[in-house]
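*Asks:* Let me begin by handing over the structure; questions about it come next.
The values are calculated or read from the model by the stated rules, or taken from the named source; none is laboratory data. What you see is a predicted model, and the numbers here were worked out from it, not measured in a lab. Glycine also receives a Cβ, built like all others from the backbone with ideal geometry; neighbour counts cover every protein chain displayed. Just so you know, the surface numbers come from the protein's heavy atoms only, side chains and all, with ligands and any DNA or RNA stripped out. Shrake-Rupley method; radii C 1.70, N 1.55, O 1.52, S 1.80 Å.
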Amino acid sequence: MIQRAVEESVSGFLSMGLSPAMIRALQKARYIHPSPIQAEMIPEALDGNDVIGQAKTGTGKTAAFGIPLIEMLEARAKGPQAIIMAPTRELVQQIVVELQKLSEGQNAAICGIYGGEPIERQLRALQRGVDIVVGTPGRVLDHIERRTLYLGDVFHVVLDEADRMLDIGFRPDIERILRKVPNPHQTFLLSATMSTEIRKLAQRYMYQPVELNLSKDEPSVDSIQQYYITVENERKIDLLLHLLQRDRPRQCIVFTRTKRGADRLADRLRGKVAGVATIHGDLAQNVRNRVMSGFRDGTIPVLVATDVVGRGIDVSGISHVINFDIPDDAENYLHRIGRTGRMGKDGLAYMFVCPDQGEPLTAIENLINKPIPTLKLEGFEAARREVRRIPAFRELFSNIKR
Ligand code: AMP
């Protein structure tokens, strides 16, 4: 009877031949059906293949590599058996939390290592012995050089958000780390986009990888309603206050272009909006942790963030993303709005566009391959001019129905 209930509650995962402990953990996490990347990646990974998964955050990619990793752990080896590299501290922390959830009830030691916090905690954890190390490439290398991290027992390597790691300039660190991993080993590479640089990395360090492209459907972005609002620069704060009051978002990330811009905006919102906080790379790690846990538990409903830190945030209840400043590059727009609409939930994304920002707006519309509708708000039609579009844009979309 109990067995049947378990089977029904995780039915989609049962055909994968996972261990009873994993099935129990999935049931506890209420993961009933595997997401598309999980359905494709887990069997390939368990078969021992190297896998390249093209998938964005919010598609369940962490469990797609986390489930097979945990399933393949051997009884405690001397050093870590798996090393996962990710571009930011926040992402490292999210991966650790997800792996802990998936290994619940099993004796797996998982350790997150990243800069910005005193190294002692990480040293103690590494000394006690760990099975899976999750870290940013810089700090991982730091530990290798101090001889506090030994990769001689590693059999599994994961490069998560590989495109972002290369963007940030982690390529030399990653390569130095990969050269320390003994052969043979199994590698999983996850990336939202597939550039020639990523392909080169894969060619060099992976063995006959199976390629899975799941970003074609982009489920998380499709479930997001997107609007842009024309606004003069000096009225953006009024517009933001108006939207926050009108929509009363459950949780909202407001993106600014610069760290100082984020601080300034948060200062101006305080006193007018309850529960505002800022997150960006200049804040001390303990402050960032505090802000993230407040955002996660809902005590901070409005988070003002810059791209580098904000775009990796995975909190499932985010109802709104507000692009207070238009993103510098179109690709960032996708990363930003992907914070909402996670795992099939609905989300809303607004973008504030000044009248002279037609060009970046067009670049974004070209990237997502559809026009973004404009939203007119009473009291804000004061904007003197409409966004000046690039003529080519109209031609491009003239035959697409709005
Ligand atoms: P990720 O793409 O790994 O950042 O995952 C996005 C969110 O989906 C995380 O909050 C996960 O805990 C959650 N998640 C992952 N797999 C599943 C699943 N099979 N069913 C329900 N939720 C899931």
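*Asks:* Between helix 36-46 and the chain, what is the angle of the helix's C-alpha long axis to the longest principal axis, kept within 0 to 90° and rounded to the nearest 10?
*Replies:* 20
*Asks:* Mind checking which aspartates and glutamates have their C-alpha under 17 Å from Lys200, skipping anything on the same chain fewer than 8 residues away?
*Replies:* List returned: Asp50, Asp160, Glu161, Asp163, Asp167, Asp173, Glu175, Glu211.
*Asks:* A further question follows. Could you give the angle, 0 to 90 degrees to the nearest 10, between helix 236-247's Cα long axis and the longest principal axis of the Cα atoms of the chain?
*Replies:* 70
*Asks:* Could you look at region 224-401 and say what percent of its accessible area is carbon and sulfur, using a 1.4 Å probe and all protein chains? List each step's numbers first, then the result.
*Replies:* Numbers: 4080 of 8410 Å².
On region 224-401, the fraction of accessible area on carbon and sulfur atoms equals 49 percent.
*Asks:* May I ask for log10 I(q)/I(0) of the chain at q = 0.08 Å⁻¹, from a Debye sum over the Cα atoms as equal point scatterers with solvent left out?
*Replies:* So the normalised log intensities are -0.46.
*Asks:* A follow-up question, please. Rounded to the nearest 10 Å², what accessible area does Ser35 show when all protein chains are kept and the probe is 1.4 Å?
*Replies:* So the heavy atoms of Ser35 present about 10 Å² to solvent.
*Asks:* Ok, one more. Amide H neighbours of Phe255 under 5 Å, counting only residues 5+ apart in sequence or on other chains, H built in-plane at 1.01 Å?
*Replies:* Under 5 Å from the amide H of Phe255 lie the amide H atoms of Ala305, Ile322, Asn323, Phe324, Asp325, each far enough along the sequence or on another chain.
*Asks:* Over the Cα atoms of region 224-401, what radius of gyration and what Dmax do you get, in Å?
*Replies:* Over region 224-401's Cα set, Rg and Dmax evaluate to 15.9, 52 Å.
*Asks:* Provide the per residue accessible area, probe 1.4 Å, for region 22-134, rounded to a whole number of square angstrom.
*Replies:* The answer is 38 Å² per residue.
*Asks:* As an exercise, identify the trypsin sites (Lys or Arg not before Pro) in region 18-58 lying in DSSP coil whose Cβ has no more than 10 other Cβ atoms within 10 Å.
*Replies:* Values: sites: Arg24, Lys28, Arg30, Lys56; in loops: Arg30, Lys56.
Sites meeting the loop and neighbour criteria: Arg30.
*Asks:* Apply the Karplus parameterisation 6.51 cos²θ - 1.76 cosθ + 1.60, with θ equal to phi minus 60°, to every residue of region 305-310 and state each ³J(HN,Hα) to the nearest whole Hz, in sequence, with x for glycine and proline.
*Replies:* Result, rounded to whole Hz: 9, 9, 4, 4, 7, x.
*Asks:* At 1.002 mPa s and 20 °C, plugging the Kirkwood radius over alpha-carbon pairs of region 256-330 into Stokes-Einstein gives what diffusion coefficient in µm²/s? Write down the numbers at each step before the final one.
*Replies:* Details: Rh = 12.6 Å.
The estimated diffusion coefficient comes to 170 µm²/s.
*Asks:* Under the rule of at least 5 residues apart or a separate chain, name every residue whose amide H is placed under 5 Å from the amide H of Thr187.
*Replies:* Here Asp50, Val51, Val157, Tyr207 satisfy the definition.
*Asks:* Taking region 150-193, which chymotrypsin sites (Phe, Trp or Tyr not before Pro) meet the DSSP loop condition and have no more than 15 other C-beta atoms within 10 Å?
*Replies:* Values: sites: Tyr150, Phe155, Phe170, Phe188; in loops: Tyr150, Phe155, Phe170.
Passing sites in region 150-193 are Tyr150.
*Asks:* Still on this structure, please answer the following. Longest exposed-loop-site-free stretch of the chain, with GluC sites (Glu not before Pro), DSSP loop and at most 16 other Cβ within 10 Å?
*Replies:* Looking at the chain, 233-377 is the longest stretch - no exposed GluC sites (Glu not before Pro) with at most 16 other Cβ atoms within 10 Å.
*Asks:* For the pair Asn213 and Ala109, what calculated FRET efficiency results from E = 1/(1 + (r/R0)^6), where r is the Cβ-Cβ distance and R0 = 51 Å, to the nearest 0.05? The partial results should precede the final answer.
*Replies:* On the way: r = 34 Å, r/R0 = 0.66.
Given R0 = 51 Å and the Cβ-Cβ separation, E is 0.90.
*Asks:* If amide hydrogens are placed 1.01 Å from N in the peptide plane, which non-local residues have theirs closer than 5 Å to the one on Glu211?
*Replies:* Close amide H contacts, sequence-distant or interchain: Ile52.
*Asks:* So how far, in whole Å, is the C-alpha centre of region 280-311 from the one of region 91-138?
*Replies:* If you average the Cα positions of each part, the centres end up 20 Å apart.
*Asks:* Which value in Å does the Kirkwood hydrodynamic radius of region 2-213 take, with 1/r averaged over all unlike C-alpha pairs and then inverted?
*Replies:* Details: mean 1/r = 0.0579 Å⁻¹.
For region 2-213, inverting the mean 1/r across all distinct Cα pairs yields 17.3 Å.
*Asks:* In nanometres, what is the gap between the two model label sites at Arg199 and Ala125, each 7 Å from Cα along Cα-to-Cβ?
*Replies:* The two pseudo-label positions are separated by 3.7 nm.
*Asks:* Further question: Based on the Kirkwood radius over alpha-carbon pairs, what value in µm²/s does the Stokes-Einstein equation return for the translational diffusion coefficient of region 123-222 at 20 °C and 1.002 mPa s?
*Replies:* Estimated diffusion coefficient is 144 µm²/s.
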